[in-house]
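Asks: Can you keep this structure in mind? I'll have questions shortly.
Just so it is clear, none of the values below were taken in a lab; they were calculated from the coordinates. All values derive from a computational prediction rather than experimental measurement. Note: ideal-geometry Cβ built from the backbone for every residue, glycine included; neighbour counts use all protein chains shown.
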Amino acid sequence: MVPVAPASAQSEARPERFVVQAAASRRWAFDTARRGGVQGREWAVELGLLDAAEMSAVDEFVQGAWGPGPFRWVSCAAHDSNVLTPGQSILAALDAGTGMDTATGWSPRSVLGPGRVVLAERVPVIPGKPVTVAVDTTGAATLTVTFRSAAGAIDSTRTVSASGTLAQRLVYSAPSVMWSSRSVDIEVSGHIRASRPQVSWTREARPWVPGRGAEQVIIQSGVADPLVINPAGGYWSGSLNLIEVG
C-alpha cells in the first residue's frame, strides 16, 4: 500500500445499470452488473492543496512510474467504514442463500455452514495501524482472521467464538498490525449462518455498510497544477479520475 494524499472531496458514481431496448410497444432491460448485482464504479477525487512530496506521490502514479495498473484502491471513505469490496461485503461471489435476521437488522444474503467458509482473502492492512474485522452470525460460529506477509506467508491467526447460538456480531480488533503483515484472510466455520462481513482500519467495529474498497482500478486521468513554486518546493492542486475494471 502506498499512501498518496488525503482527499478533500470525493464522489463515487455507478453507471446506468440497465441497457433498455424498445420495439413494437415492448421494452427489454439487459442487466450490465457483475455477478451478484455489483456494478463497476468511477471516482472523482479532489486532493486539495498538496506540498511537493504529496504531489510527487500522485504524479508518479499518473505518469506510470508504478506501471499502468490496475491498482488496488482504498479511499478515505473505505478505510473508516469497510475496506472490503462491495461484492465481498454482500457475498456476491459465494453461493449465498436466503436472508437472515442479524443482530443489526435484516440481511438479504447469507452463507450457510457447516464447514469452513472463506469470506474474503488478501484484504489490505497497514503495519502499525489498527484493524477491526466483524461478521454477523447465528449458530456455534467461529471467526478466523489470518494475517499474511507481502509474500503470502502466515504471520499469525486469531479466532473469536460465538457466545451461544443466537444472532450476534463477532468482532476481532487488533490495536496495531504486525510490521510484517500486509493483508488478512477472513473465514467463518461451524454449523452457522453468516452475513455482512466488514473490515475497517479502526480500533473498534463501525456500523456495517457495504464495502467501499476496490480490487482493480485504473487512473484514467490526473491533474497536478502548480500554485506556488519556491525553494521549499511550493504547493500544488491535485485531482484524480479512477475507473473500476475487471
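Asks: Which whole-Hz couplings ³J(HN,Hα) result when phi for each residue of segment 91-108 is put into the Karplus expression 6.51 cos²θ - 1.76 cosθ + 1.60, θ = phi - 60°, listed in order with x for Gly and Pro?
Replies: Ordered by residue, 3J(HN,Hα) equals 6, 5, 8, 9, 7, 6, x, 6, x, 8, 8, 9, 5, 10, x, 6, 10, x Hz.
Asks: By how many nm would the segment from Lys129 to Ala153 grow when fully extended, if each residue of separation counts as 0.36 nm and the alpha-carbon distance is taken off?
Replies: Numbers: separation 24, 0.36 × 24 = 8.64 nm, distance 1.96 nm.
Going from the current span to full extension adds 6.7 nm.
Asks: Filter the chymotrypsin sites (Phe, Trp or Tyr not before Pro) in segment 143-241 to those in DSSP coil with at most 14 other Cβ atoms within 10 Å of their Cβ, and list the result.
Replies: Sites meeting the loop and neighbour criteria: Trp179.
Asks: Taking a ≥ b ≥ c as the square roots of the Cα gyration tensor eigenvalues, with a/c under 1.5 meaning rounded and otherwise prolate when a/b beats b/c, else oblate, which class fits the chain?
Replies: Details: a/c = 2.44, a/b = 1.29, b/c = 1.88.
Oblate.
Asks: Divide by every residue of the chain the summed helix terms, -39500 (n - 2.57) for each DSSP H run of at least 4, and state the resulting mean residue ellipticity at 222 nm, rounded to the nearest 500 deg cm²/dmol.
Replies: One gets -2000 deg cm²/dmol as the mean residue ellipticity at 222 nm.
Asks: Per-residue HN-Hα couplings for segment 237-243, Karplus 6.51 cos²θ - 1.76 cosθ + 1.60 at θ = phi - 60°, whole Hz, x for Gly and Pro?
Replies: Computed from phi, the couplings for segment 237-243 are 10, x, 7, 9, 10, 10, 10 Hz.
Asks: For Val171 and Val2, compute 0.36 nm times the residue count separating them, minus their Cα-Cα distance, and round to one decimal in nm.
Replies: Between Val171 and Val2, full extension yields 58.1 nm more.
Asks: Then there is this: Fully extended, how many nm does the chain gain between Phe18 and Ala232 (0.36 nm per residue separation, minus their Cα-Cα distance)?
Replies: In short, 71.9 nm is gained.
Asks: Consider a paramagnetic label point 7 Å from the Cα of Gln216 along Cα→Cβ; state which residues of segment 58-83 have an amide N under 15 Å from it.
Replies: The answer is 68-73, whose backbone nitrogens lie closer than 15 Å to the label point.
Asks: Along segment 125-137, what does the Karplus equation 6.51 cos²θ - 1.76 cosθ + 1.60 (θ = phi - 60°) give for ³J(HN,Hα), rounded to whole Hz, x for Gly and Pro?
Replies: 10, 10, x, x, 10, x, 8, 10, 10, 9, 7, 8, 9
Asks: So which GluC sites (Glu not before Pro) in segment 9-113 pass both tests, a DSSP loop state and at most 16 other Cβ atoms within 10 Å of the Cβ?
Replies: Glu16
Asks: Compute the Cα gyration tensor for segment 19-108, then decide on rounded, prolate or oblate, letting a ≥ b ≥ c be the square roots of its eigenvalues: rounded whenever a/c is under 1.5, prolate when a/b is larger than b/c in the other cases, and oblate in all that remain. Numbers along the way, then the final one.
Replies: Details: a/c = 2.75, a/b = 1.50, b/c = 1.83.
It is oblate, given that a/c is not under 1.5 and a/b is not larger than b/c.
Asks: To continue, here is another question. Once you keep just the Cα pairs under 8 angstrom separated by 6 or more residues, what percentage relative contact order results for segment 14-170?
Replies: 14
Asks: What is the helix-to-structure angle for 52-63, meaning the angle in degrees between its Cα long axis and the longest Cα principal axis of the chain, kept from 0 to 90 and rounded to the nearest 10?
Replies: 80
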